[in-house]
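Working notes for the structure below.
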Amino acid sequence: MTRYIFVTGGVVSSLGKGLLAASLGALLQARGFSVRIRKFDPYLNVDPGTMSPYQHGEVYVTDDGAETDLDLGHYERFTGVDGKQSDNITTGRIYRDIITRERRGDYLGATVQVIPHVTNAIKEFALSETDGIDFIICEVGGTVGDIESLPFIEALRQLRNDLGRDRTVSVHTTLVPWIAAAGELKTKPTQHSVRELTSLGIQPDVLLCRCDRPLPQSDREKIALFCNVPVSAVIPALDARSIYDVPLRYHAEGLDDAVLKVFGIEAPQPDVSRWEDIMDRLDHHEGEVTIGVVGKYVGLPDAYKSLREALVHGGLANRIKVNIRWLDAELFEGDSAELAAELESVHGILVPGGFGERGSEGKIASVKFARQRDVPFFGICLGMQMACIEGARNTAGISGASTTEFGETDEPVVGLITEWMSEKGLEQRAAGGDLGGTMRLGAYPATLGGNSKVASIYGTTEISERHRHRYEVNTHYREALEQGGLIFSGTSPDGTLPEIVERPDHPWFIGVQFHPELKSRPFNPHPLFAGFIGAALKQSRLV
Ligand code: GLN
């Protein structure tokens, strides 16, 4: 029997509902249950794919090619369960589907309304593809009381009646702020938030109270009394020193016990040793490296969420601490002195994925620095494309090399991919088409050269990695680039699309067209990140 856990948030946003859902999923898994975590996003975009990272952080891509909310990255990293298209829904997608059906005449003359049509669509989504899963955790984006999230809360209210109380639990996250002038933690915002949720028909069963210092027993009792829950269901959640400490902390505070108690389930204690091992590696590291990430969205850490975590995982694999220096590529344009001053003190240079021309010359200059100075270099997606343009300009004599993404060029070393094969068959794209959902998205296989560095790093010559791009390195330039020392060491199985480039005469210089950071897990670090950090460690001993 599948049971449902609804996660909502109140008072303010950014309370870490995503981490709560991911940690609770991990704890239930550690008790032997199967879990799946889903995200309901109340905004009107069909998916976050067309949003700037500054709006909503990174766009996370699943194996099946869904462009989703970054919380799905937390879910995957914490549970190891691969997310799917059917794990993230937005108001925009629901309305698009309903309006398509309405135009087809599927509603047989009925007036189409938020209740029941939108709420039914939300319920269908929550209940779909649940066979054999013990717990479905549904996280609702936004804050309770927002106009946009009302249909979602209403659908959850209905589901509680449809399924019965023994199959649903509501976990509500709130803030208990410290008011310095009074010298007290204040429970009133929590009381108001629970009142708001209750007025919408949902009495929460468990409250997760975010606070920046220990919550006194008297405050727990007060919250329990005013919010109509047992004291054991008021879980204090203090700021953690690492996100990987959160499952351990929440378990210690009784979160999973409280949830199982409401369901009336007795279960063995969780085996949290994998989380203890991660914390041991973080707490007792054997060295440090600094990685310079040269990108465009460096002002907002969430824009590179998975990348940052994958670098941490690379550190876990080597038992060393990874410090990240976020460097704004735009500042490096035209000023090589500033660039050299920054890059001389890092042990590895990473140029991440991105879109658009701004900052590109700074990225290309960073590639050049890494190549000439033998500093470990890792280029991801746009980063690989920049490495190819740098190689074309400076090692293959093609001075006008560029990408058609930045405008017309006589030397399109990187150009629009117009055709490729996917599981669905031949995909075709033309310049000027729709931007939403039309990139080469999701997992595609690649074949690696037997003697390549990447084959030895992966330990295999057949890999599958997740993609999100519209442009591709142009194979017409392959020979010229290879003569300049930049080898195409991985391609699509039919050999038409370049997937990986590397420089055999460099200590560690690899560019990949896909996003390896999306498949890295703390307990299973991605080999490319483990290898890159290992190379940076060697570099740190040289400088
Ligand atoms: N803008 C490039 C493309 O569309 C790279 C995309 C990316 O880095 N994710 O191909």
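The values are calculated or read from the model by the stated rules, or taken from the named source; none is laboratory data. Owing to the predicted nature of the structure, the values given are computational and were not obtained by experimental measurement. In this analysis, Cβ positions are derived from the backbone assuming ideal geometry, glycine residues included, and neighbour counts consider all displayed protein chains. Ligands, DNA and RNA are excluded from the accessible area calculation, which covers all protein heavy atoms including side chains. Shrake-Rupley method; radii C 1.70, N 1.55, O 1.52, S 1.80 Å.
Tabulated data
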| read-out | value |
| --- | --- |
| Net lengthening on full extension, I265/D494 (0.36 nm per residue, minus Cα-Cα) | 77.3 nm |
| Exposure rank, largest accessible area first [L238, L331; 1.4 Å] | L331, L238 |
| Restricting segment 389-463 to trypsin sites (Lys or Arg not before Pro) in coil, as DSSP defines it, with at most 12 other Cβ within 10 Å | K424 |
| Listed residues P189, A252, P204: farthest to the positive end of the dipole of segment 168-321 (Cβ charges) | P189 |
| Residues D146 and E124, FRET efficiency given R0 of 25 Å [Cβ-Cβ distance, rounded to 0.05] | 0.65 |
| Count of Lys pairs (Cα-Cα under 19 Å; at least 8 positions apart or interchain) in segment 176-329 | 4 |
| Theoretical gain in end-to-end length, E479 to S399 [0.36 nm per residue, Cα-Cα removed] | 27.2 nm |
| For segment 123-219, with +1 on Lys and Arg beta carbons and -1 on Asp and Glu, the positive-most of F125, G145, P216 along the dipole | P216 |
| Per-bin percent of Cα-Cα distances, segment 454-543 [5 Å] | 3, 11, 21, 24, 20, 13, 5, 2, 0 |
| Hull-based mean projected area of the chain, where the convex hull spans the alpha carbons, in square nanometres | 27.3 |
| Accessible area (Å², per residue) of segment 244-310, counting only protein heavy atoms and a probe of 1.4 Å | 42 |
| Pairwise centroid distance, computed over Cα atoms, of segment 500-535 with segment 219-251, Å | 38 |
| Residue-wise HN-Hα coupling along segment 12-28, computed from phi with Karplus coefficients 6.51, -1.76, 1.60 (Hz; x: Gly, Pro) | 9, 7, 6, 8, x, 4, x, 5, 4, 4, 5, 5, 5, x, 5, 5, 5 |
| Heavy-atom surface of segment 66-167, accessible at 1.4 Å and reported per residue (Å²) | 43 |
| Inter-centroid distance (Cα atoms) of segment 421-493 relative to segment 1-48, Å | 33 |
| Residues of segment 434-536: accessible area per residue with a 1.4 Å probe, Å² | 35 |
| DSSP-assigned coil residues among trypsin sites (Lys or Arg not before Pro) in segment 154-210, each with at most 16 further Cβ atoms within 10 Å | K186 |
| Two-decimal log10 I(q)/I(0) for segment 297-377, as the Debye equation yields it once each C-alpha is a single scatterer, q = 0.12, 0.27 Å⁻¹ | -0.36, -1.43 |
| Surface share of carbon and sulfur [accessible, 1.4 angstrom probe, percent] for the chain | 49 |
| Three-way shape call for segment 268-324 based on the alpha-carbon gyration tensor, with the a/c threshold at 1.5 | oblate |
| DSSP beta bridges in the chain [antiparallel fraction, %, rounded to 5] | 35 |
| Label-point gap, in nm, between L238 and A110 - each point 7 angstrom along Cα→Cβ | 5.2 |
| Under 5 Å, built H, 5+ apart or other chain: amide partners of M421 | E427 |
| Solvent-accessible area of D257 with every protein chain in place, 1.4 Å probe, in Å² to the nearest 10 | 70 |
| Long-range HN-HN contacts of R31 with modeled amide H, under 5 Å | D271 |
| Integer Hz, Karplus 6.51/-1.76/1.60 couplings in order for segment 349-361, x for Gly and Pro | 10, 10, 10, x, x, x, 9, x, 7, 4, x, 5, 5 |
| Only Lys, Arg (+1) and Asp, Glu (-1) charged, at Cβ; the chain dipole about Cα centre in debye | 1040 |
